[in-house]
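Have a look at the structure below, then the notes.
Rule-based calculations on the coordinates, nothing more; no lab input. These numbers were taken from a predicted model, which means no experiment stands behind them. Cβ: placed from backbone, ideal geometry, glycine included. Neighbour counts: every protein chain shown.
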Amino acid sequence: MTEQLKQLRDRIDSIDSELLKLINMRAELAQQIGHQKNGVTYRPERESQVLARLQQLNPGPLTNEHITQLFIEIISACRAMEEPLSIAYLGPQGTFSEEAVTKRFGSTVAALACNSIDDVFRKVESGTASYGVVPVENSTEGAVGRTMDLLLQTSLTVCGEIELPVHQCLIAQQTDLTVIQKIYSHPQSFAQCLGWLNKHLPNLQAIARIDTASNADAARIAAADKNAAAIAGRKAADVFGLKICAKNIEDDPNNTTRFLVIGTQQVSASGKDKTSIVTSTSNRPGAIHELLAPFARYQVSMNRLESRPSRRGLWEYVFFIDIEGHQQDENVAKALEEIRNKATFLKILGSYPSA
Ligand SMILES: O=C(O)C(=O)C[C@]1(C(=O)O)C=C[C@@H](O)C=C1
């Protein structure tokens with residue numbers, strides 16, 4: 001070892017000793033905060049403020065993404081000193097939903113893989129899990145109907161959102177594409193990669209495309225068949241010991257899935273929030289225009305408007321709407337009050353920090 005290398009490593013060692021002390025001091029403070037709280041440990045609004053502040057302060061050379069990832073893990077460990085959280089998600093292990101859990105909560109949580117979106121809701125409703133993470137929309141494929149239907153029925157609230165860039169890979173036991181006779185994947189993932197499959201796979205006509213309940217299931221099946229491949233994320237390849245034949249095969253490089261965090265708490269304002277509601281109105285000309293007019297009047301921006309059959313009558317719909325701002329912000333509160341007076345139905349799903 002050169003003298004220069006030794007000196008640099010000595011400096012890293014002394015910085016690490018400082019960091020170790022400081023991180024443990026931080027954990028002790030979080031524990032003290034934990035003792036002062038009655039009830040809810042997880043405070044999404046505070047975590048979002050902590051991360052936003054660090055991003056503003058960050059002098060580099062580490063990117064804001066690096067800093068965010070590091071601090072999510074630090075917060076995750078500090079939070080666990082206050083109370084261990086369990087997070088239900090759409091399993092099995094290796095799905096994008098699991099990645100979304102880690103992206104928001106870090107690694108120091110118990111992640112509970114569920115068989116279905118219904119099961120995620122049930123686990124949180126019954127108190128078996130502290131929170132749930134469910135997919136709600138994909139930038140290519142649109143809304144996840146089952147999540148929206150369950151949001152309409154549940155007593156749970158929306159406590160957060162997670163945006164996860166979805167990068168699909170073709171994975172198999174080996175990287176020789178000519179031996180592949182079958183490809184397994186979730187229908188949404190097939191749809192996201194159609195262009196790539198058509199362009200890059202030799203013998204495409206002879207290859208069977210088989211739908212599975214999840215990408216991770218597809219990877220599990222491909223791990224047991226040398227003539228099979230799966231479309232799934234990098235994580236599924238790791239979990240099932242498969243090789244990556246091609247990466248980033250999604251047709252839209254900005255392909256992103258949005259997930260919601262569901263729980264039982266009303267989240268306080270962070271200063272940069274969103275509110276999700278479900279509403280409906282009578283079926284007559286101009287009714288929707290009138291219903292939504294208060295948003296324009298009180299300068300409330302609408303980020304999303306999605307209709308779903310109400311399941312209460314033929315051709316009757318409910319509208320899922322995301323707006324900017326917290327339900328306690330004055331303009332949002334006034335707009336929602338007026339809408340409540342006009343709507344045949346209004347449910348406020350929750351306010352939460354914007355992703
Ligand atoms: O500020 C708090 O309420 C804390 O408990 C501390 C802390 C953190 O580590 O920064 C941990 C958990 C909460 O979700 C928010 C923040």
>> Under a Cβ-only charge scheme (Lys and Arg +1, Asp and Glu -1), can you give me the dipole magnitude of the chain about the Cα centre, in debye to the nearest 20?
In response: 340
>> Taking amide H atoms as placed 1.01 Å from N in the peptide plane, list the residues 5 or more away in sequence, or in a different chain, whose amide H sits under 5 Å from that of THR344.
In response: SER280, THR281, SER282
> For LYS272 and HIS66, FRET efficiency with R0 = 30 Å and r from the beta-carbon atoms, rounded to 0.05?
Replying inline: 0.90
> For the residue pair ARG284 and ILE12, what label-to-label distance in nm results when each label sits 7 Å from Cα along the Cα-to-beta-carbon direction?
Replying inline: 7.3
> Considering amide H positions built from the backbone, and no H for Pro or chain starts, which residues 5 or more places from VAL136, or on another chain, come under 5 Å of its amide H?
Replying inline: ARG258, PHE259, LEU260
> What base-10 log of the normalised intensity I(q)/I(0) is obtained for the stretch 269-353 from the Debye formula, alpha carbons as equal point scatterers, at q = 0.22, 0.26 Å⁻¹?
Replying inline: -1.03, -1.38
>> Under 10 Å, Cα contacts only: if you run a Gaussian network model on the chain, which one of GLU47, GLU306, GLU98 comes out with the highest mean-square fluctuation?
In response: GLU306
> Which lysines have a Cα less than 17 Å from the Cα of LYS235, not counting those fewer than 8 places away in the same chain?
Replying inline: LYS103, LYS243, LYS247
> Where the only charges are on Cβ atoms (+1 Lys, Arg; -1 Asp, Glu), what is the dipole of the stretch 3-165 about its Cα centre, to the nearest 20 debye?
Replying inline: 400
> For the stretch 302-355 and the stretch 164-207, what is the separation of their C-alpha centers, rounded to whole Å?
Replying inline: 39
> When the helix-only estimate is applied to the chain (DSSP H runs of n ≥ 4, each -39,500 (n - 2.57), divided by the residue count), what is the mean residue ellipticity at 222 nm, nearest 500 deg cm²/dmol?
Replying inline: -13000 deg cm²/dmol
>> So for each of 121-128, 172-179, 259-266, 344-351 I average, over its residues, the number of other beta carbons within 10 Å; can you give me the resulting order with the highest mean first?
In response: 259-266, 344-351, 121-128, 172-179
> Which whole-number percentage describes the relative contact order of the chain, with Cα contacts under 8 Å and a sequence gap of 6 or more?
Replying inline: 18
> Cα-based Rg of the stretch 207-355 per 2.2 N^0.38 Å, rounded to two decimals?
Replying inline: 1.46
> Computed over the Cα atoms, what is the radius of gyration of the stretch 1-142 divided by 2.2 N^0.38 Å, N being its residue count?
Replying inline: 1.29
> Which loop trypsin sites (Lys or Arg not before Pro) in the stretch 1-104, with loop taken from DSSP, have no more than 14 other Cβ atoms within 10 angstrom of their Cβ?
Replying inline: LYS37
>> Give the lysines reachable from LYS342 as a straight Cα distance under 20 Å; neighbours fewer than 8 places away on the same chain don't count.
In response: LYS334
> Roughly how many nanometres apart are two label points built 7 Å out from the Cα toward the Cβ at GLU141 and THR2?
Replying inline: 5.2
> In whole Hz, what ³J(HN,Hα) sequence does the stretch 259-267 give by Karplus (6.51, -1.76, 1.60; θ = phi - 60°), x for Gly and Pro?
Replying inline: 10, 10, 9, 10, x, 10, 10, 8, 7
> Toward the positive end of the charge dipole of the chain, about the Cα centre and with charges on Cβ (Lys, Arg +1; Asp, Glu -1), which of GLN31, SER354, GLN56 goes farthest?
Replying inline: SER354
> Build a GNM of the chain with springs between Cα atoms under 10 Å: which of ILE231, ILE339, ILE210 gets the top mean-square fluctuation?
Replying inline: ILE210
> What is the spin-label model distance, in nm, from LYS182 to SER116 if the labels are put 7 Å beyond Cα along the C-beta direction?
Replying inline: 2.4
> What area, in nm² and to one decimal, does the C-alpha convex hull of the chain cast on average over all directions?
Replying inline: 23.3
